Each structure stands twice: as C-alpha cells, then as structure tokens.
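Report on one structure; see the data block that follows.
Read the figures in this text as sums done on the coordinates, not as results from a lab. Bear in mind the structure is a predicted one, so any value in this text is a computation, not a measurement. Here the Cβ positions follow ideal geometry from the backbone for every residue, glycine too, while neighbour counts run over all protein chains shown.
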Amino acid sequence: MEKILTYEDAFNELQDIAHDIESENVLVDTLARKVKRASELISYCQDKLRLAEKEVNNIISQMDKKN
C-alpha cells in the first residue's frame, strides 16, 4: 500500500533535501535526482496551498452570505 503524501511530509522532505545540498552532503551523481525531486515537491506543496486557500475563501464567502 502506497503512503499518501501530506503537505507536511513533502515540506519535511524538501527541508531534508535543502539541508543536504547546503551542507554539501549530496554526491554529484545524485544531485540532479534530488533537484528533480525537490521540484516535484515544490509543485505539490504549491498545489496544496492553492487548494487550501480556495477552500478557505469558499468558507468565508459562505459565511458572508449568511450574515
């Protein structure tokens, strides 16, 4: 069974990748793979944030209509 990726998981993985790259713990052979994974995680996090923003705006809009 595949684990569902959460925003927090993706963000933590991004932090790990950034730390590895900043501390020069990444081998040249794996650098491109890590950068590609970071790009995927950034896109995933951006999508999750956009969706959350849309949902919050919808809730606020519904609350305004009730008042």
Between the helical axis of 7-22 and the dominant principal axis of the chain, each derived from Cα atoms, what acute angle in degrees is found, rounded to the nearest 10?
-> 30
Which label in (i) 113; (ii) 80; (iii) 102 gives the computed volume of the Cα convex hull per residue in Å³ = (iii)
In nm, the gap between the two label points placed 7 Å beyond Cα toward Cβ at residue 64 and residue 29 is 5.7
What is the dipole size for the chain, taken about its Cα centre, with +1 at each Lys and Arg Cβ and -1 at each Asp and Glu Cβ, in debye to the nearest 20?
-> 440
Which aspartates and glutamates have a Cα less than 18 Å from the Cα of residue 36, not counting those fewer than 8 places away in the same chain?
-> 9, 13, 16, 20, 22, 24, 47
Leading residue at positive end of dipole, the range 7-66 (Cβ point charges), from 12, 39, 61 | 61
Summing -39500 (n - 2.57) over every DSSP H run of at least 4 residues in the chain and dividing by its residue count gives a helix-only mean residue ellipticity at 222 nm, to the nearest 500 deg cm²/dmol, of -29500 deg cm²/dmol
